[in-house]
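Everything on this sheet refers to the single structure shown next.
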Amino acid sequence: MRIIFFLIVFINSLYFQYAYSMESYLILKINNKIITNVDINNEYKYLIALSPDLQDVDKKKVMTLARNSIIREKIKEDELNKFIDLNIKNEFIDRIIANFYKKMGMENKSEFVNYLKEYNLSFLEIEKKIAIEAAWNDLIYKKFANQIEIDEIKIKNELKELILNKKEQNVYFVSEILFTSENYENVNEKYEIINKSILEIGFNNTATLHSISDSAKLGGKIGWIKESQLNEIIKNKIMNLKIGEHTKPITIPGGFLVVKLDDKKKEEVNVNLNEELDKQISRERNSQLQQFSEIYYKKIKKNSTISEK
């Protein structure tokens, strides 16, 4: 009888320890929105799901990333609520989500949902996150589209030269880290931190921790890019790399770019000039929009209230 009594006490003790560990408590407030430890833990699981290699990184670093990611999302959400009703479903969200999970190597929504379950993540919550980011990108485009400057004639002439002078072209599989600096004096200092991190935990984990690009959550992976789709500066830097190497910081609109060459191959130049022109213009447009996005975010963050608890 006495053994049964102690067994019950022991089981109850375990239960209360578990309940305590799951207790929700306030971590910080962002513009009066409460962020709890549960929110940050869920964000941590989300980041791990997107980049499983982060499980090998010091958990404190990834938890800090999760905290900063939540702050960024909530500040964006507050700003979006001034312009749109986020409760109304984006008509393109299914297509956006499909593009998202295909970049992760999945074929369909069911596969994505099951994958999220492995990390105890709700599809609806992830859908909301993706919808916020899509709405933010749409807002940035509407605000700054008329400020984008692209030299279409220059791009077209470069493409014509490639088509006329080459029978085959290089195709590169690349990853990126985009970072900013208040002044040029700090660029080398930031790059040294990034370079040290690459040596310690790898390029893709470093991209997730340090890059401000949209690709950061997927470890900075861009995928295969044709030589014809790259601007001259970045192309000249990449073409001299060996597989596995990365560039030093390249100055671009929006900050400084570090590019890693993951793989390389050749393919015949079978280029539709108009299609390639559209792709390169789109890439340049997105690069400039990324710059406007970061400037706008910094501005609203400065006017936001973030209080620690």
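Here, each number is a calculation from the coordinates, and none is a lab measurement. Since the structure is predicted, the reported quantities are computational estimates derived from the model, not experimental observations. Heads up, the Cβs are rebuilt from the backbone with ideal geometry, glycines too, and the neighbour counts pull from every protein chain shown.
Output the relative contact order of the stretch 220-268, whole-number percent, from Cα pairs under 8 angstrom with separation of 6+ residues. Write down the numbers at each step before the final one.
Details: 37 pairs, mean separation 13.8, N = 49.
Dividing the mean separation by the residue count of the stretch 220-268 yields 28 percent.
Decide, for the stretch 62-216, between rounded, prolate and oblate: order the square roots of the alpha carbon gyration tensor eigenvalues as a ≥ b ≥ c, take rounded if a/c falls under 1.5, and otherwise choose prolate if a/b is larger than b/c, else oblate. Provide the component values of the computation, followed by the final result.
Numbers: a/c = 1.41, a/b = 1.24, b/c = 1.14.
Rounded.
For ASP85 and ASN37, calculate 0.36 nm times their separation in residues minus their Cα-Cα distance, and state this gained length in nm to one decimal.
My answer for the length gained is 14.6 nm.
Which trypsin sites (Lys or Arg not before Pro) in the stretch 165-207 sit in a loop by DSSP (not H, G, I, E or B) and have at most 13 other Cβ atoms within 10 Å of their own Cβ? Write out the running numbers ahead of the final one.
Numbers: sites: LYS166, LYS167, LYS190, LYS196; in loops: LYS166, LYS167.
Passing sites in the stretch 165-207 are LYS167.
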Hey, can you grab everything whose amide H is under 5 Å from the amide H of ILE252? Only 5+ residues off in sequence or another chain; H modelled, so Pro and N-termini drop out.
LEU257
Hull volume per residue for the stretch 155-280, using the convex hull of the C-alpha atoms, in Å³ is 108 Å³
Taking all pairs of distinct Cα atoms, average 1/r, flip it, and tell me the Kirkwood hydrodynamic radius of the chain in Å to one decimal place.
22.0 Å
Among LYS29/LYS76; LYS226/LYS265; LYS89/LYS129; LYS196/LYS237, which pairs are too far apart, with a Cα-Cα distance over 18 Å?
LYS196/LYS237
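Among 59-69, 294-304, how do they line up by average Cβ neighbours within 10 Å per residue, starting with the highest?
59-69, 294-304
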Selection from ASN240, GLN147, SER181, by position along the positive dipole direction of the chain (Cβ)
SER181
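Ratio of Rg to Rh for the stretch 45-123, alpha carbon only, Kirkwood?
Values: Rg = 14.7 Å, Rh = 14.6 Å.
Reported Rg/Rh, Kirkwood definition of Rh: 1.01.
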Mind listing P(r) for the stretch 180-249? All alpha-carbon pairs, 5 Å bins, whole percents.
3, 14, 20, 25, 24, 11, 2
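Restricting to Cα pairs below 8 Å that are 6+ residues apart, what does the relative contact order work out to for the chain? Please round to a whole percent. The partial results should precede the final answer.
On the way: 346 pairs, mean separation 69.9, N = 309.
With pairs under 8 Å counted, the relative contact order is 23 percent.
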Is the C-alpha gyration tensor of the stretch 84-171 telling us rounded, prolate or oblate? Criteria: a/c under 1.5 is rounded; beyond that, a/b larger than b/c is prolate, otherwise oblate.
oblate
Taking a threshold of 26 Å on the Cα-Cα distance, which of the pairs LYS102/LYS190; LYS59/LYS221; LYS61/LYS298; LYS102/LYS302 fall above it?
LYS102/LYS190; LYS102/LYS302
Based on alpha-carbon centroids, what's the gap between the stretch 108-137 and the stretch 287-309 in Å, whole number please?
24 Å
Just in the stretch 82-157: which chymotrypsin sites (Phe, Trp or Tyr not before Pro) are loop by DSSP and have at most 13 other Cβ atoms within 10 Å?
PHE83, PHE92
Along the stretch 297-307, what does the Karplus equation 6.51 cos²θ - 1.76 cosθ + 1.60 (θ = phi - 60°) give for ³J(HN,Hα), rounded to whole Hz, x for Gly and Pro?
4, 4, 5, 6, 5, 4, 9, 9, 10, 10, 10
Using just the C-alpha positions of the stretch 2-145 as equal point scatterers, what log10 of I(q)/I(0) does the Debye formula give at each q in 0.09, 0.15, 0.19 1/Å?
-0.39, -0.91, -1.27
With the dipole of the stretch 2-145 worked out from charges on the C-beta (+1 for Lys and Arg, -1 for Asp and Glu) around the Cα centre, which of MET106, PHE123, SER51 lies farthest toward the positive end?
SER51
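Rounding to the nearest 20 debye, state how big the charge dipole of the chain is about its Cα centre with +1 on each Lys and Arg Cβ and -1 on each Asp and Glu Cβ.
Details: 48 positive and 46 negative charges, 109 e Å.
Dipole about the Cα centre, nearest 20: 520 debye.
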